[in-house]
Each structure stands twice: as C-alpha cells, then as structure tokens.
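Since every read-out is calculated from the coordinates, none of them should be taken as a lab result. None of these values were measured; they are calculated from a predicted model. Because the Cβ atoms are built from the backbone with ideal geometry, glycine has one as well, and the counts that use them run over all protein chains shown.
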Amino acid sequence: MLAMPESFSRTQALYEKVRRVIPPADWALFADDVEAIQRLKRERNAVILAHNYQTPEIFHGVADIVGDSLALAREAMKAEADVIVLAGVYFMAETAKLLNPGKTVLIPDTGAGCSLADSIRPEDVRLMRAAHPGVPVVAYVNTTAAVKAEVDICCTSGNAKKVVESLGVPKVIMLPDQYLAKNVAAETNVEIIAWAGQCEVHERFTAADVRELREAHPGVTVLVHPECPPEVVAEADFAGSTAAMADYVGDKRPPRVVLLTECSMSDNIAVKYPDLDFVRPCNLCPHMKKITLSNIRRALEDNLTPVEIDPEMAARARTSVERMLAL
Ligand code: 13P
Ligand code: SF4
C-alpha cells in the first residue's frame, strides 16, 4: 500500500471532485503543490484563470475561474486581485494584461505558444489591408498583442459570427484561422477573406474520424470545435467554442458523447456528469500542457513570468479587444 503524504488528507475535499479522472497515486504527487498554491493565492491576493484545456488537477484543483477564451477575457476585465496567473497559453495572458495594465499578470511558462498566434505577424496584417483597401480586419484572439494592435476588432470562437455581422459590411478579412473563417463563412452572408493559419491540434481531425466514431459507438453525439476543418464540422452534431460544448453537454445530457478537441476538455466535463459516457479520442495541445501545478507554484513563489507589453502597442490592441467585449 502506497504511503500518502499528509497533504493528501488535507486536500481530500478537492480530491473528491476529481477522483473519477485522477487516480489516488497521481493525486498523492499533486497534493503538496495544490496545498501550496492555495496558500500562495491567499498570501499574494492572486487568482488563477484557467482555460478549459488545462489538466483536471489545475482546472478543478487550483483554478478560481475557468472557461473559454471569451470568458477568461471577460473575467480578466473584472478581476479584483493584485495578481492574475493565467493557466493557459501566452496570448491569453497577453489579453488579460491588456485588460489589466496595472496588475501583475503571470504566465507560468512563456513557451506556452499557439500555432495560430505564430502563423501571422503584424506586417502580414498590413499587407492584407493594402491588398484589400477599406475592408475591416477581424482577428481571432489567438493572436499576439502586436497583431491585435493592427486590426479593427477581435473575436473568439464563441462570438465570431456575431462580430463579423456587427460590422455591417459585405466583406471582412478574418485571421489567422482559415478553418474558423470558413466555418463562419458557411453561416453568414458576409464574404470572408481568410488567412492560411490553422490550429495544429484541430486540423488533425478528419471527416473519416467522425464516420468511424459513429460506426464504432452507435448513437454517439459528436461535438467539435470550429477550429476543425469544415468537412469535420459538416459531419458533427454541434460545433462551438469550448464553453459552448460544455453547455451543450450540460443542457442536452447526451448519454454517449465525443468531443473532438483537446484531451483535457472531456476529463474536465466528465467530472461534472458521471452518468454520461464520454468516448475519448482527442489530440493534445503541447502548448497548453506546458502549464503544470509545479510551474504555477513557482510562478506565485518567484513572480514568474510577468507579461509586459509596450504601452503604445497595448493601447491599440486593447481597443480591438474592448470593441469585441462591448458587443
Ligand atoms: P475557446 O475560445 O473555444 O476556448 O478556444 C481556444 C482555443 O485555443 C481552442 O483551441
Ligand atoms: Fe492554439 Fe490549437 Fe493549442 Fe488552442 S489548441 S492553444 S488554437 S495550438
């Protein structure tokens, strides 16, 4: 019988929430960090904002606020703490900093990037504007602050169609995700000019995957993220942001469901719905997985690593995010 650390029993109440998805031997390794992080949050008046793709020990064990990119941006705007730790990827921490210039925003690993954010530079946006004069530019939040500073408005997967239509024009540039752009274009009369970026996690799902899943698991409900290619979305029962997928499961309670997205998503939702059967093919996001309990703890102990953004650029990027949030 494995000897459990004393922190295990002191964090037992938290463990009860996640015992269906985290074995006791794993929690034994997490418990010290969970306890230390809870203490450090009180000492530093800090909050942890965690994306839906964070692992269950972060999502259920230490996060104060969880959600999709849109919810994290909204909550960052309301945050009253002195310190915000962003358990997610770098662009999410930058967005939190844009909305809280006077606060300390920490990203536990500065290498937590995003293939979409890496696919486009500010000079690319300027070239697109020059090629399409007068056409407004919508940037997915999965972009750097430098790119946000060049565009007219931001969007997330949760509000992309609404943002595009809010501009009241027949044509928009939407960047950098070509699949999100095509999926939005299929739902609106606005013509969309796309950039050729894609998410390295969602681009790997295929329409054949969906058909095989339906054959192997009769009656399964298939939910997908709109960063998947359009032919995958066409085969699915529902496409939506990570929060929209979680809401769909909560509202409709499909007895057997698969979420074609990042792996932690199903674990985090399964904790809430023990009666539902989650089929779990998924793809890992290597960037999201760079955030761990131990680097969150170190972030709070040693103030690592504060996000800094050039103030002039930040002011322009903030306007693009605030326009989105005002909708
Ligand atoms: P959501 O805004 O839907 O949470 O998506 C963020 C993301 O990075 C998906 O890959
Ligand atoms: Fe970026 Fe894709 Fe990872 Fe989301 S899942 S952070 S879009 S690489």
Query raised in the report: From the square roots a ≥ b ≥ c of the eigenvalues of the alpha-carbon gyration tensor of the chain, which class results: rounded (a/c under 1.5), prolate (a/b over b/c), or oblate?
Result: oblate
Query raised in the report: Using a ≥ b ≥ c from the Cα gyration tensor of the stretch 60-164 (square roots of the eigenvalues), is it rounded, prolate or oblate, where a/c under 1.5 gives rounded and otherwise the larger of a/b and b/c decides, a/b for prolate?
Result: prolate
Query raised in the report: Mean separation of Cα pairs under 8 Å and 6+ residues apart, divided by the residue count of the stretch 51-199: what relative contact order is that in percent?
Result: 17
Query raised in the report: Which of the GluC sites (Glu not before Pro) across the stretch 58-129 are loop residues per DSSP, with 12 or fewer other Cβ within 10 Å?
Result: E80
Query raised in the report: Within straight cross-link reach of K272, meaning Cα distance under 16 Å, which lysines are found once same-chain residues fewer than 8 apart are removed?
Result: K17, K252
Query - Rel. contact order, % - alpha carbon contacts under 8 angstrom, at least six apart, the chain - result: 21
**Report entry** Amide proton proximity set for A239, modelled H, under 5 Å, gap of 5+
**Finding:** V224
Report summary line: Magnitude of the Cβ-charge dipole (Lys and Arg +1, Asp and Glu -1) of the chain about the Cα centre, nearest 20 debye, reported as 440
Report summary line: With bins of 10 Å, the percent of all Cα-Cα pairs of the stretch 206-327 per bin from 0 is 11, 31, 26, 22, 9, 1
Query raised in the report: Rounded if a/c is under 1.5, else prolate if a/b beats b/c, else oblate: with a ≥ b ≥ c from the C-alpha gyration tensor eigenvalues square-rooted, which is the stretch 226-298?
Result: oblate
Query raised in the report: Most fluctuating residue of G197, G113, G102 in a GNM of the chain with Cα springs under 10 Å: which is it?
Result: G102
